[in-house]
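Visitor: My questions all concern the structure below.
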Amino acid sequence: MTDFDRLPNTSSLAFVEQLYAAYAQDPASVTDDWRQYFQDMTGGNGAGAQKGPSFAPPRLFAPASAAPATNGHAPAESSDAAVRHGNVAQLVRAYRVLGHLKASLDPLGQSRPVHPSLELAYHGLSEADLDRTFANPGVVGPQVLPLRAIIDRLENTYCRSIGVQFMHIDDLEAQRWLHQRMEATENGTVLTRDEQTRILTRLTDSVIFEEFIQKKYLGAKSFSLEGSESLIPMLDLAIEKAGEQGVDAVVLAMAHRGRLNVLANIMGKSPRAIFREFDDTDAEMFFGSGDVKYHLGHSSDWKTSKGHPVHLTLCFNPSHLEYVNTVAQGRVRARQDRQGDVAHERQLAILIHGDAAFAGEGIIQETLNLSQLDGYHVGGTLHIIVNNQIGFTTSPAQGRSSHYASDVAKMLNIPIFHVNGEDPEAVAQVVRLAMDFRTAFKRDVVIDMYAFRRLGHNEGDEPAFTQPLMYAAIAKHPTVREAYLGRLLKMGGITREEADRIEANQREKLEGELQEARKPGFKRNLPWLGGVWEGYTGGPEPVGDEPETGVGKDTLQHLLKVESEVPADFQPHPKVKRILETRALMASGDKPLDWAAGEYLAFATLAASGTRVRLTGQDAQRGTFTHRHSVLHDITDG
């Protein structure tokens, strides 16, 4: 067996030859065992190493005329060192590929078996190797490290409160960008005291809002966010980051779970308006023109902590879970087109999903499939899965065949960040990293935030009927606010008095809002009827006179004539040419109009009046019945 045969696989070869090139430049730049190995191999002469990886194993590892070692070191010892270094490189790759399986993601503490490829023995290593020094196989950090330090860095980066799936990405630049960013900080972020206080405040807002609703409207359906309150600081961080990156408008979409909390604590909807909806005192609800409170949308203006204005829109979503996703993305694309944002930099779509819905609804795959197509691309969408680890009464094992709820997203070259929602600072790291990736690569990114649902599917549901053990654990579990506050108090990041004041302020605010909501003469503000929507009307009864939609004959003839003409150097398909010639005869009045000409004139008159017309779909250009031909292709060059 040659020395080359003893290496784990050929992926280690380039790494070894890179070390050899470094050795030729400066023998002291590699570890003792590699230096000895290269001396044995070349007799101390590093000539030729500058050529880099040659992928010619016999030349490097089994030179035909190698002289016997004369320095007392057996060649076998050096080849063993090469094997160990190759094994370490494979261990590093295993952490990058599968480290997420070892991450502590579940707030309820459910343990997971460790994948064998994350064990030393799987790679031919043992505890005896932990204190050996190795040339760093690509992990961000010093060039030479003990194996123990390499593993510590990998554990901290990939196996704490954050697990990342990114090695399926075949874009090596994106893959490298991710592992370098994560390993440089060991997947952590340094927060200032003000940032920690802001996170605690947002958690307090979220937790106290839910407690207040449950106390004042006991048993009323609200589809509580309890157990997943970290969504609020997550959205806060995302919007703040978006503002820094030049985004001036964010469109959000979500189902009913947690919507009221998002409306109150992110969208700026007045709590008094929400309480009024709980009290069922609005007359419009009795005439079929309204909707339940957890389906409603809202819009508002946000100013970031650094002074950047961001317009927020939360889409209405009447009980169709994920179907609103493409509506939100369409709104973003429409804004981009209208504003000439061809770089897709000023608008952001944030889609909030449930775990069962993300895995189970086909609209998810369809939406992801559109993400990089020219007609639908929006510069990357931030997907947030609020992973309650349950769908109504169905556990993941009975609800999906994949390991993660997010696995369908692996169809794209995008990272998937799994994060424990009970670790708000890990949430902060993931949001910042995700937003930076989106900005750098103009692609979607997925955050799978592990949490739980403290109550049933709704507030009148008893979840312990079907998940008794899970809900026994939840009953004993403190809120994420309590856990994070305890952590800050230990670190000295905040005082108990400050925390109590934050809580008291939120309770006081909500009590005041409730009193205002119950005063006679309360008038709701309807923000969705302002801005570009001002003047829009609808409903069963028409308002105002019917508009005049007729168009003069001369205009119709002109538009149809223009449509039938092509440049002299353009060669359409012969059959299309005949269609255009027929259209010219229709324009002159020598032939009657057909349905295709009528459709064209409908679009043309709208466009001529300044109204944007957008057709999308597989047959949008030609038309399903070969009738439209709105885009012509030259048969000589395509």
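The values are calculated or read from the model by the stated rules, or taken from the named source; none is laboratory data. Being a predicted model, the structure only gives us computed values, none of them experimental. Glycine gets a Cβ as well: all are built from the backbone with ideal geometry, and neighbour counts include every protein chain shown.
Visitor: Would you mind finding the one in Ser126, Ser117, Ser161 that is small (Gly, Ala, Ser) and buried (at least 17 other Cβ atoms within 10 Å of the Cβ)?
Guide: Residue meeting the stated conditions: Ser161.
Visitor: If you don't mind, there's one more thing I want to ask. Within the stretch 456-465, does at least one residue satisfy the condition of being among the small types (Gly, Ala, Ser), surrounded by 15 or more Cβ atoms within 10 Å (Cβ to Cβ) and out of contact with any Gly (no Cβ under 9 Å at 6 or more places or on another chain)?
Guide: The answer is yes; a qualifying residue exists.
Visitor: Here's a follow-up. Quick check, is Arg583 of a type in the set (Lys, Arg), in a loop (DSSP other than H, G, I, E, B) and either in contact (Cβ under 8 Å) with a residue 24 or more places away in the chain or not assigned by TED's automatic domain parsing to the domain that holds Thr326 (or both)?
Guide: No, not satisfied.
Visitor: When only residues in the stretch 179-211 that are among the aliphatic types (A, V, I, L, M) and surrounded by fewer than 20 Cβ atoms within 10 Å (Cβ to Cβ) count, which is farthest from Asp423 (Cα to Cα)?
Guide: Ala184
Visitor: Further question: Sort out which residues of the stretch 219-269 are hydrophobic (A, V, I, L, M, F, W, C), outside any helix (DSSP H, G or I) and either under 25 Å from Asp423 (Cβ atoms) or touching a residue at least 60 places away in the same chain (Cβ under 8 Å) (or both), and write them in order of number.
Guide: Correct list: Ala220, Phe223, Leu225, Val247, Ala249, Val250, Val251, Leu252, Ala253, Met254, Ala255, Ile266.
Visitor: Hey, does the stretch 203-224 have a residue that's at pLDDT 95 or above, at positive phi and out of contact with any strand residue (DSSP E or B) (no Cβ under 9 Å at 6 or more places or on another chain)?
Guide: Scanning the stretch 203-224, I find no residue that is at pLDDT 95 or above, at positive phi and out of contact with any strand residue (DSSP E or B) (no Cβ under 9 Å at 6 or more places or on another chain), so the answer is no.
Visitor: On to the next question. Working only within the stretch 356-395, note down all residues that are among the charged types (D, E, K, R) and either surrounded by fewer than 17 Cβ atoms within 10 Å (Cβ to Cβ) or at pLDDT 95 or above (or both).
Guide: Glu366, Asp374, listed by residue number.
Visitor: Just to be sure I understand the filter: pairs with C-beta atoms under 7 Å, separated by 6 or more residues or on different chains, first member in the stretch 325-349 and over 15 Å from Thr313 (Cα atoms), second member among the aliphatic types (A, V, I, L, M) and surrounded by 15 or more Cβ atoms within 10 Å (Cβ to Cβ). Which pairs pass?
Guide: His344/Val378
Visitor: Out of Val631, Val576, Val532, Val562, I need the residue that is modelled with pLDDT of 90 or more, outside the structural domain of Glu277 (by TED's automatic domain parsing) and within 40 Å of the chain's Cα centre (by Cα). Which one?
Guide: After applying the criteria, what remains is Val631.
Visitor: Okay, moving on. If I ask for residues that are touching a strand residue (DSSP E or B) at 6+ places or on another chain (Cβ under 9 Å) and among the acidic types (Asp, Glu), which ones from the stretch 395-454 would you list?
Guide: Asp407, Glu422, Asp423, Asp444, Asp448
Visitor: Given the conditions (1) more than 27 Å from Gly512 (Cα to Cα); (2) under 20 Å from the mean Cα position of the chain (by Cα), report the number of the one that Arg259 does not fulfil.
Guide: Tallying (1) more than 27 Å from Gly512 (Cα to Cα); (2) under 20 Å from the mean Cα position of the chain (by Cα), Arg259 fails exactly one: (1).
Visitor: Might you let me know whether the stretch 456-474 holds any residue that is touching a helix residue (DSSP H, G or I) at 6+ places or on another chain (Cβ under 9 Å) and closer than 30 Å to Glu195 by Cβ?
Guide: Yes, the stretch 456-474 has at least one match.
Visitor: Name the pairs: first residue in the stretch 423-441 and not assigned by TED's automatic domain parsing to the domain that holds Leu485, second residue crowded, with 24+ Cβ neighbours inside 10 Å and hydroxyl-bearing (Ser, Thr, Tyr), Cβ to Cβ under 9 Å, at least 6 apart or on different chains?
Guide: Here the result reads none, with nothing in the stretch 423-441 linked to a residue that is crowded, with 24+ Cβ neighbours inside 10 Å and hydroxyl-bearing (Ser, Thr, Tyr).
Visitor: Oh, and also: How many residues, within the stretch 599-631, are more than 26 Å from Ala334 (Cβ to Cβ) and either surrounded by fewer than 14 Cβ atoms within 10 Å (Cβ to Cβ) or in contact with a Pro (Cβ under 6 Å, 6 or more places away or on another chain) (or both)?
Guide: So the answer is 2.
Visitor: Need the failing condition index for Gly493 against (1) surrounded by fewer than 17 Cβ atoms within 10 Å (Cβ to Cβ); (2) modelled with pLDDT under 95, just the number.
Guide: Against the list (1) surrounded by fewer than 17 Cβ atoms within 10 Å (Cβ to Cβ); (2) modelled with pLDDT under 95, Gly493 comes up short only on (1).
Visitor: While we're here: Would you please name the residue that is nearest to Ile350 (Cα to Cα), looking only at residues in the stretch 396-412 that are touching a residue at least 24 places away in the same chain (Cβ under 8 Å) and loosely packed, with under 14 Cβ neighbours inside 10 Å?
Guide: Step by step, filter the stretch 396-412, then rank; the result is Met411.
Visitor: Given the criteria modelled with pLDDT under 90 and of a type in the set (Val, Ile, Thr), does Thr616 qualify?
Guide: yes
Visitor: Residue check: is Ser79 small (Gly, Ala, Ser) and either modelled with pLDDT of 95 or more or over 22 Å from Gln165 (Cα atoms) (or both)?
Guide: Spelling it out, Ser79 is indeed small (Gly, Ala, Ser) and either modelled with pLDDT of 95 or more or over 22 Å from Gln165 (Cα atoms) (or both).
Visitor: Looking only at the stretch 160-216, which residues are within 22 Å of the chain's Cα centre (by Cα), of a type in the set (S, T, N, Q) and outside any helix (DSSP H, G or I)?
Guide: Passing the criteria: Ser161, Gln165, Asn187, Thr189.
Visitor: Among the residues of the stretch 466-479, which ones are more than 22 Å from Ile162 (Cβ to Cβ) and surrounded by fewer than 19 Cβ atoms within 10 Å (Cβ to Cβ)?
Guide: Listed by number, the residues that qualify are Thr466, Gln467, Pro468, Leu469, Met470, Ala472, Ala473, Ala475, Lys476.
Visitor: Can you tell me which of Ala264, Ala238, Ala253, Ala242 is closer than 30 Å to Tyr95 by Cβ, in contact with a helix residue (DSSP H, G or I) (Cβ under 7 Å, 6 or more places away or on another chain) and assigned by TED's automatic domain parsing to the domain that holds Ile494?
Guide: Ala238
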